[in-house]
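Asks: Starting off with a structure, shown below.
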Amino acid sequence: MDPLYPARRHAKCFARDLNKCSNRYIVQLALKELRVPSGQDGFALAKHVVLLLCENRFCRLNNGAYTDAGNHAIPPMNDEQVYQAINRVVRFAWENRNMKIWQCYFPEGTRGYAECPSNREFLFAIVDFVELWQGCCEEVNYVG
C-alpha cells in the first residue's frame with residue numbers, strides 16, 4: 001500500500017468539504033487536528049511559520065521564518081524564543097497525538113511516526129499536507 005495513502009485520503013476529504021478555504025484556515029485546522037494547543041504562543045508562531053513556508057519552501061527557518069514570526073509576536077521574540085515556543089507545542093502534540101490523525105501527517109516509516117518530530121519535520125509535514133490538499137482541490141474542481 002502507498003505509505004502516503006492516509007494523507008491523500010485525508011486531504012481529499014478536506015478538499016471535498018473545504019475546497020474554497022484559504023491556506024490560513026487549512027493550516028489552523030491541521031494544527032488543531034494534530035492537537036497543538038491553540039492557547040499557547042507556539043500555535044500562532046507555528047501557524048505563521050507554516051504559512052511563510054507555504055509561500056516559499058526555500059525560506060530558511062532561522063534568520064527567515066522564525067525571525068519574521070518573532071517580529072510579529074507581541075512582545076517580539078528572537079529566533080531561539082520562537083524555536084522554543086514551537087518546540088513546546090510540538091512535544092505536547094506528540095505526547096497527546098491521535099495515531100489515526102497523526103498518520104495522515106507522518107506516515108508509517110517516517111521519523112515523525114515513531115518518535116517526536118523536530119520542529120522542521122513537524123512544520124514541513126503541515127506544509128506538505130497543505131500542498132497535497134491544494135492538489136486535491138484542483139482535482140475536485142476539475143471533476144466537479
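The values are calculated or read from the model by the stated rules, or taken from the named source; none is laboratory data. All of these numbers come straight from a predicted model, not from anything done at the bench. Cβ sites come from the backbone with ideal geometry, for glycine too, and all protein chains shown count toward neighbours. Side chains are part of the model used for accessible areas, which takes the heavy atoms of the whole protein and leaves out ligands, DNA and RNA. Shrake-Rupley method; radii C 1.70, N 1.55, O 1.52, S 1.80 Å.
Asks: Does residue 97 fit the bill of being outside any helix (DSSP H, G or I), over 21 Å from residue 22 (Cβ atoms), of a type in the set (Lys, Arg) and open to solvent by 70 Å² or more (accessible area, probe 1.4 Å)?
Replies: The answer is yes for residue 97.
For every residue, the table says whether it meets (1) outside any helix (DSSP H, G or I); (2) at pLDDT 95 or above; (3) open to solvent by less than 30 Å² (accessible area, probe 1.4 Å).
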{"position": "39", "(1), (2), (3)": "yes, no, no"}
{"position": "45", "(1), (2), (3)": "no, yes, yes"}
{"position": "58", "(1), (2), (3)": "yes, no, no"}
{"position": "62", "(1), (2), (3)": "no, no, no"}
{"position": "77", "(1), (2), (3)": "yes, yes, no"}
{"position": "80", "(1), (2), (3)": "no, yes, no"}
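Asks: For residue 110, indicate whether it is open to solvent by less than 70 Å² (accessible area, probe 1.4 Å), at pLDDT 85 or above and hydroxyl-bearing (Ser, Thr, Tyr).
Replies: no
Asks: Return yes or no: is residue 69 among the small types (Gly, Ala, Ser), assigned to a helix (DSSP H, G or I) and either open to solvent by less than 50 Å² (accessible area, probe 1.4 Å) or in contact with a Leu (Cβ under 6 Å, 6 or more places away or on another chain) (or both)?
Replies: Yes, satisfied.
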